[in-house]
Each structure stands twice: as structure tokens, then as C-alpha cells.
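The values are calculated or read from the model by the stated rules, or taken from the named source; none is laboratory data. Please read these numbers as outputs of a predicted model, since none were measured by experiment. Reconstructed Cβ throughout: ideal geometry from the backbone, glycine too, with neighbour counts over all protein chains shown.
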């Protein structure tokens, strides 16, 4: 049995496991990435190292490994905490670790829908999260490969880099086929994401209310600027709660996400409560549960749960 067959056979178990533990849907393109991780040879891995593109499957990808679905979380921890670093937002599902304090994950605007993009998260929190604009890990790796080779033509001619290019080209049709099989439909396409402190804003519709409250464009975007507005945060929370109770959860969700990223002790519990209430108002209960588990165990010394 080749590596593609192995990963395809394991996908049903991964699909079920992610639904049970996280309440999320697994996209089929994970099969291609799992196969790549399983089969890429030493020369192509050297190509990844040569271009500073070293990545390793993590988080949910552990379930594709031999006996991965049989692993139990250590110390009775919740599997939703696996590879979830301190500043990771609830919409982020980790699937790969990279160098430079970056890790990558699937982004779930709505837990009932398939993720549409790969997001990069800074494990140190400084730069928050950013949308890579690529639908799968292999699509992201191919784009990064092209960029590095264009930037350094001399490196592009190295044998290990040429070997990596061949492997990525070989996997491209499979990755594309699996993405097409999922028939991905962008969620909530009638509105743009609000720009928020800490990175990628949530997907919202106009009927969800004004994402910036009555302060459109007037709130801070950096951690230092936020902390300087400490006296006003209570007012913003009160406004967000009032709009939430009136059936307009957008501001509560945005402010809750920003307070999660701010991670100030004084606003940790109010921010968590606001964020979870907004998710539930939008019927994104799985994200609320991830947020609750994360807040309860945010000080873990190691995020390696499995």
C-alpha cells in the first residue's frame, strides 16, 4: 500500500476524531499534506532546509501518523489544546510548525463549514495572525518555494532544491483534486472582514451589527496602544454587551478577539465571556468551547498534548 492509500484510509478516522474532539470538519486536502510529510525523501527535506522552509506536521496531523488515532492526550488534557499557543485565536486549528516562531493552521470562520484558508500565527504573539491567502499547506509551500527561488536563483539550482521542486510539482494535482472534491464555498461572502488588532478578523454579515461599535476606526491596533486605553475598555465591553443583547454580536466578537490577543490579566475573564457569548449568538458553539478550554489552560508550559 503506498503512502497516498495509507493517508486516504486514515482520513475517515481523522474526520471523525476532529468532529468529536473539536466540533470541526476536516478538509480532504489534509490527505495530500499528510502524504507529503510521510513520503518526502531526505534530499527534498534538505531542499526545505536550504530554503528555510522547514515545516513539520503538528496538531491534528498527528492522527495521520502510525497509531496516531490511538494516542491519548497527556495528563488528561483536552486535545483541543494540542499545539495551541498562548495567543492563537479559537478559529485557528494548528497543523504545522515552522521555524522563526511561526506555526500554520486551518481557519474556521464557522465550525459548520470547511476552512477556506491557511493562516500563519506568531507563537510569541507579536504579529498576531495573518491570512496566507492559500487554501492548503501544499499550495502555501509551493508559493513559498517559488518566492524563495526567484529571490535567490543560485539556491534554486542546488540539487536538493531541484528535488524539492519536483516533489511539490508531483503533489500539486493530488492537492488540487482533493480541494475540488470538497467543493469549498466561501462563508459569508457578502461582507469584508473587519480589520482588528491581532490579525485576521471574523467573517460577519451586515445584520450582525457594526464590528467597531460606535468607534469605527477609532480603537487602537497595537498592544501598547490598547494598554494605554485601559480606562476605556470597560466602556467598550459594556457597549458590546448591549449590542449583543440586542441581537447584534459583531462588536462583541471583534472586541472579544482583540482582548484575547491583548491577554491583559484585568480583561482576561471579561474578554473570554464576551467572546464566547458572541460565538454562541452566531451559532458557532464549537469555537466558544475551544475558547473556554484554551482560557482555562492558557498557561501550559508545553503545548505538546499528544
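Table: residues versus (1) farther than 27 Å from residue 284 by Cα; (2) in the same structural domain as residue 100 (by TED's automatic domain parsing); (3) out of contact with any helix residue (DSSP H, G or I) (no Cβ under 6 Å at 6 or more places or on another chain).
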| residue | (1), (2), (3) |
| --- | --- |
| 26 | no, yes, no |
| 32 | yes, yes, no |
| 45 | yes, yes, yes |
| 50 | yes, yes, no |
| 75 | yes, yes, yes |
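Here is a yes/no grid of residues against (1) closer than 17 Å to residue 304 by Cβ; (2) in a helix (DSSP H, G or I):
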| residue | (1), (2) |
| --- | --- |
| 62 | yes, yes |
| 72 | yes, no |
| 75 | yes, yes |
| 86 | yes, no |
| 97 | yes, no |
| 105 | yes, no |
| 110 | no, no |
| 113 | no, no |
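Taking the options 34, 26, name whichever one is within 30 Å of residue 149 (Cα to Cα) and either touching a residue at least 12 places away in the same chain (Cβ under 8 Å) or more than 24 Å from the chain's Cα centre (by Cα) (or both). Selected residue: 34, the only one of 34, 26 that is within 30 Å of residue 149 (Cα to Cα) and either touching a residue at least 12 places away in the same chain (Cβ under 8 Å) or more than 24 Å from the chain's Cα centre (by Cα) (or both). Only one entry in 93, 106, 97 is in contact with a strand residue (DSSP E or B) (Cβ under 6 Å, 6 or more places away or on another chain), surrounded by fewer than 22 Cβ atoms within 10 Å (Cβ to Cβ) and not assigned by TED's automatic domain parsing to the domain that holds residue 287, namely 97.
Screening residue 238 against (1) free of Cβ contacts under 8 Å to residues at least 24 places away in the same chain; (2) touching a strand residue (DSSP E or B) at 6+ places or on another chain (Cβ under 8 Å) leaves a single unmet condition, (2). Restricting attention to the range 12-36, the residues that are crowded, with 19+ Cβ neighbours inside 10 Å and either assigned to a helix (DSSP H, G or I) or on the phi > 0 side of the Ramachandran plot (or both) add up to 11. Within the range 245-255, is even one residue within 30 Å of residue 77 (Cα to Cα) and touching a strand residue (DSSP E or B) at 6+ places or on another chain (Cβ under 6 Å)? Looking for residues that are within 30 Å of residue 77 (Cα to Cα) and touching a strand residue (DSSP E or B) at 6+ places or on another chain (Cβ under 6 Å), one finds at least one in the range 245-255, hence yes.
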